[in-house]
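Here, each number is a calculation from the coordinates, and none is a lab measurement. Just so it is clear, the model here is predicted, and its values are computed rather than measured. Reconstructed Cβ throughout: ideal geometry from the backbone, glycine too, with neighbour counts over all protein chains shown.
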Amino acid sequence: MASVVSAGLLVGLSACGRSDINAYDDYAQDGSSLDASLGDSDAADSDAQVGDATPDAPKTCGECNGCCLDGTCIALQKETASECGFGGNACESCGPSGKCLKGACVHPQPDCGPSNCTGCCYDANDCSDGISADACGHGGGQCQGCGPLENAKTCVPQPGGGGSCQTTCGPENCHGCCDGTTCLLGQSDSSCGSHGEACVACPQGESCKLFGPGTGGTCDLPCSPQSCKGCCAGEVCAIGNQDIACGTGGEACADCTGEHFVCASGVCEP
């Protein structure tokens with residue numbers, strides 16, 4: 001169970017769910033002025049792991065600068081036209097007319113350019129598929145290298161063929177959720193998640209409950225007597241024993257401070 005503090009309330013939410021994280025820098029993250037206890041919610045009994053693997057992610061075999069064949073790394077200098085790839089991705093065959101150069105399949109193409117190459121031009125007479133991190137590009141332009149593996153860039157396939165070097169998205173650089181290589185806030189019902197995991201669409205009947213400004217969210221049932229043992233402050237299930245949020249059984253929270261009362265066992269008392 002993940003403990004989440006929101007708007008001064010004691011709340012409990014399950015966790016749901018690589019792009020620039022600077023957009024989040026203005027948000028307060030420490031929550032030092034808020035209570036940190038955990039509320040009870042039937043719908044939040046366990047963490048939900050989301051996006052453990054990107055559905056279309058290529059297979060890898062650890063630290064490998066070449067390609068991966070049945071769990072074995074084929075180093076760049078040992079690759080052939082039948083075993084070609086880069087960055088630990090699955091080896092591919094370049095076909096009968098192709099050759100493998102620095103982890104990229106290239107094919108003979110005189111006067112390579114936009115009119116005859118959908119990927120990128122490795123040189124004046126060779127057209128690459130354009131989807132290798134060491135030979136990335138599209139539209140018949142010059143192939144580019146996406147940089148060393150530690151630079152966290154990848155060659156992202158583009159519509160119509162080829163690829164484009166883009167910064168990857170993940171836990172290292174995204175507090176919300178990842179839609180491919182794009183970091184989203186992760187706080188909408190259609191794109192919900194946190195900690196740089198893959199964004200998900202919340203199932204019917206659930207909504208994306210926010211962890212806090214810039215920190216993503218989790219898909220959960222709306223706050224109700226069926227999902228909350230404390231009280232409901234909007235869609236937030238509060239623990240129900242605070243003077244500003246007092247109640248039980250998933251009913252609407254009461255603010256005892258308006259009458260100068262205190263909350264005792266979920267009931268406002270003088």
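Rg and Dmax over the alpha-carbon atoms of segment 67-167 stand at 12.6, 38 Å. Each Lys or Arg adds one and each Asp or Glu subtracts one; over the other residues with Cβ under 15 Å from the Cβ of Leu101, this totals -4. A simple rule links phi to the HN-Hα coupling: the Karplus curve 6.51 cos²θ - 1.76 cosθ + 1.60 with θ = phi - 60°, which for segment 194-206 gives 7, 6, x, 7, 5, 5, 10, 8, 5, x, 4, x, 10 Hz, with x for Gly and Pro. For Leu210, neighbours were defined as the other residues whose beta-carbon sits under 11 Å from its Cβ, and their charges (Lys and Arg +1, Asp and Glu -1) total -1. With contacts taken as Cα pairs under 8 Å and at least 6 residues apart, segment 177-248 reaches a relative contact order of 21 percent. Charge tally for Pro270 (other residues, Cβ to Cβ under 13 Å; Lys, Arg +1; Asp, Glu -1): -3. What does the C-alpha gyration tensor say about the overall shape of segment 173-215? Classify as rounded when a/c is under 1.5, otherwise prolate if a/b is larger than b/c, or oblate. Taking the square roots of the gyration eigenvalues as a ≥ b ≥ c, segment 173-215 is oblate. Using the Karplus relation 6.51 cos²θ - 1.76 cosθ + 1.60 with θ = phi - 60°, the per-residue 3J(HN,Hα) values for segment 251-260 come to 7, 5, 5, 10, 9, 6, 5, x, 10, 6 Hz, with x marking Gly and Pro. Reported to the nearest whole Å, the Cα centre-to-centre distance from segment 179-229 to segment 81-127 is 41.
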